[in-house]
């Protein structure tokens, strides 16, 4: 989970790492000018300066124009000026800036300190740590920390490293770290928390919902997370992304979903969502997630795609999916002939397939059912044809009506 | 032959009394793997399916010094302690199925293992199988029909894809020497590069299939390793992540380690580096079979 800048800075503060004073925080309309300051839009994507979300203000006039630009920039990013926080921070005059980060490195399979005495501008454009001094943290208990900068003391750096581990971070980036009277101050902070360590951090539950897309999390994205949290049996809805397309997707298996989505890119079919279930969730849990997928307006098909399950009950999970198709059909959200393309295999597969066929007839949907002998990548052509047929039928019936 | 496990494997299962542990015991035993003991703290003295359960790895190893592999089915939050116990007891091969093991815990495990020369497979590894001989973990479930003995090794970040590819190979007459799910987490104990020497020395492996994806540098490190071996066996790689790379920077998709990064671990970067050292790139899984046919890998 990525933290907003102000959340990240609160963690730094807790660990006695100096940050600029936060003067106020709130939606842009609620802010007023009090003193020269920095205004910073709280969004999760990078390049906030380029996006018009960071402004230095020295006067009331500066402030007015900055808030106007902020509101406009937020709207351009599909973010609500009413619901996005702006932080006003005291201005810190400085001359010297450096870049300091800790992250995990797959080359050494260790946490590494990354440092640049030249500051970090353009750091995102650098390849694997290019131009950065890299210090692997070999044996955490015994590592002698490097002398990075005359004003970064051994105690300060030790505290910084300890914070990274104590808070179960996967990324801690200070860009820039500046020096005032030789004391380090973190002007910005980017933190990623390790979601798998949440059991050690009950305080993380207080963080509001978020997404890395340049927009707010949608109702469906939040609802899917709740479905997953309410029932611990299996995973369903932990990842849910909404897109502007027309085909609903329920995927199973990390590798299979990567492969399937790559294949989908070769067609003109565009996803309405991406979500996944795995680890043998109950019929009810899959049903609840499928209801969310099927609630999307204007769906033209459903793609249920997964590999050959080792232990997920194919009967229970596919019945959960069809339960949602049934309610969409009953409420008229889908028309007869709605395409459902399923590719899946595993325990109770034959029973599942027989029942799927039976229910497809009752529901009058166009079911395309494949087991693991049919390549995942070949199902996209089936899906494409089925969706086109449904679209064509829609045009035909439209003509009939007029 | 095969790598990492064979008929001489004597397995310990940690977390053997849990639901997943019990199921693995049943599956690997049915496949012929010799499970000699289990560990669940507080349940020492019990037996499951005739296998004795101990309170600690030390107790299990003292009673069964022939133990040479352990499979960890402890819940994610207890994986670190379980793995450190097995490492301290010098169990040379440790498989970890748990997906949600914190990265910090993983570092501790990998570091301890490295000092002792212990090999960790995982976390988030579905398991390993030497078809027809032995298997560890949950790979193949109770079915195993997708696997067949043969001369092609499959090394995959994805557990599901290892089964998918095995099934595809089998349908075209190719069997497998060894199939390893190395796991899709950011930090893992056994990477592609870590098994290259074993595969080169394995008489039964004629070709190696790599199932990779965006994120991290394990595919790149494989290319660096192969560059040091001018006459290495044929490698065929399939790398996914086209769609994932349309998502925002920093997002992970499918697996925790499949992190979108514009510069580190891109799909194209991996493909170019592997191609440069003579690996064949399969544009989709079906192309793997065509490449095996073209380079003339003998069918069983």
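The values are calculated or read from the model by the stated rules, or taken from the named source; none is laboratory data. Keep in mind that this is a model prediction, so the values were computed, not measured. So basically every Cβ, Gly included, is an ideal-geometry build from the backbone, and we count neighbours across all protein chains shown.
Structure values in brief
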{"item": "Region A:229-240 - residue that is within 13 Å of chain B (Cβ to nearest Cβ) and at pLDDT 90 or above and, of those, surrounded by the fewest Cβ atoms within 10 Å (Cβ to Cβ)", "result": "A:239"}
{"item": "Looking only at region B:220-256, and only at residues there that are within 7 Å of chain A (Cβ to nearest Cβ) and over 21 Å from the mean Cα position of the chain (by Cα), the one that is surrounded by the most Cβ atoms within 10 Å (Cβ to Cβ)", "result": "B:244"}
{"item": "Evaluation of residue B:234 against (1) touching a helix residue (DSSP H, G or I) at 6+ places or on another chain (Cβ under 6 Å); (2) under 21 Å from residue B:164 (Cα atoms) (one fails), failing number", "result": "(1)"}
{"item": "Condition broken by residue A:282, with the remaining ones in (1) under 26 Å from residue B:139 (Cα atoms); (2) in contact (Cβ under 8 Å) with a residue 40 or more places away in the chain; (3) buried (at least 17 other Cβ atoms within 10 Å of the Cβ) satisfied", "result": "(3)"}
{"item": "Qualifying strands (runs of 3 or more DSSP E) (wholly inside region A:1-120; at least 3 residues being in contact with a strand residue (DSSP E or B) (Cβ under 9 Å, 6 or more places away or on another chain) and free of Cβ contacts under 8 Å to residues at least 40 places away in the same chain)", "result": "A:54-57, A:110-116"}
{"item": "Qualifying positions in region B:55-83 - under 10 Å from residue B:14 (Cβ atoms) and either more than 14 Å from every other protein chain (Cβ to nearest Cβ) or part of a loop (DSSP other than H, G, I, E, B) (or both)", "result": "B:56, B:57, B:60, B:70, B:71, B:72, B:73, B:74, B:82, B:83"}
{"item": "Answer from A:298, A:320 - the residue that is away from chain B (no Cβ under 14 Å), over 22 Å from the mean Cα position of the chain (by Cα) and assigned to a loop (DSSP other than H, G, I, E, B)", "result": "A:298"}
{"item": "Residue check for residue A:223: more than 14 Å from chain B (Cβ to nearest Cβ), touching a helix residue (DSSP H, G or I) at 6+ places or on another chain (Cβ under 8 Å) and in contact (Cβ under 8 Å) with a residue 12 or more places away in the chain", "result": "yes"}
{"item": "Failed criterion for residue B:86 (all others in (1) within 14 Å of chain A (Cβ to nearest Cβ); (2) assigned to a helix (DSSP H, G or I) hold)", "result": "(1)"}
{"item": "Some residue of region A:358-378 being in a helix (DSSP H, G or I), within 29 Å of residue A:310 (Cβ to Cβ) and in contact (Cβ under 8 Å) with a residue 60 or more places away in the chain", "result": "yes"}
{"item": "Filter result for residue A:196 (surrounded by 15 or more Cβ atoms within 10 Å (Cβ to Cβ), without any contact (Cβ under 8 Å) to a residue 24 or more places away in the chain and within 11 Å of chain B (Cβ to nearest Cβ))", "result": "yes"}
{"item": "Matching residues in region B:185-204 - criterion: being under 19 Å from residue B:161 (Cβ atoms), more than 10 Å from the chain's Cα centre (by Cα) and part of a loop (DSSP other than H, G, I, E, B)", "result": "B:185, B:186"}
{"item": "Residue selected from region B:147-180 under the condition in a strand (DSSP E or B) and touching a residue at least 60 places away in the same chain (Cβ under 8 Å), by the criterion farthest from the other protein chains (Cβ to nearest Cβ)", "result": "B:151"}
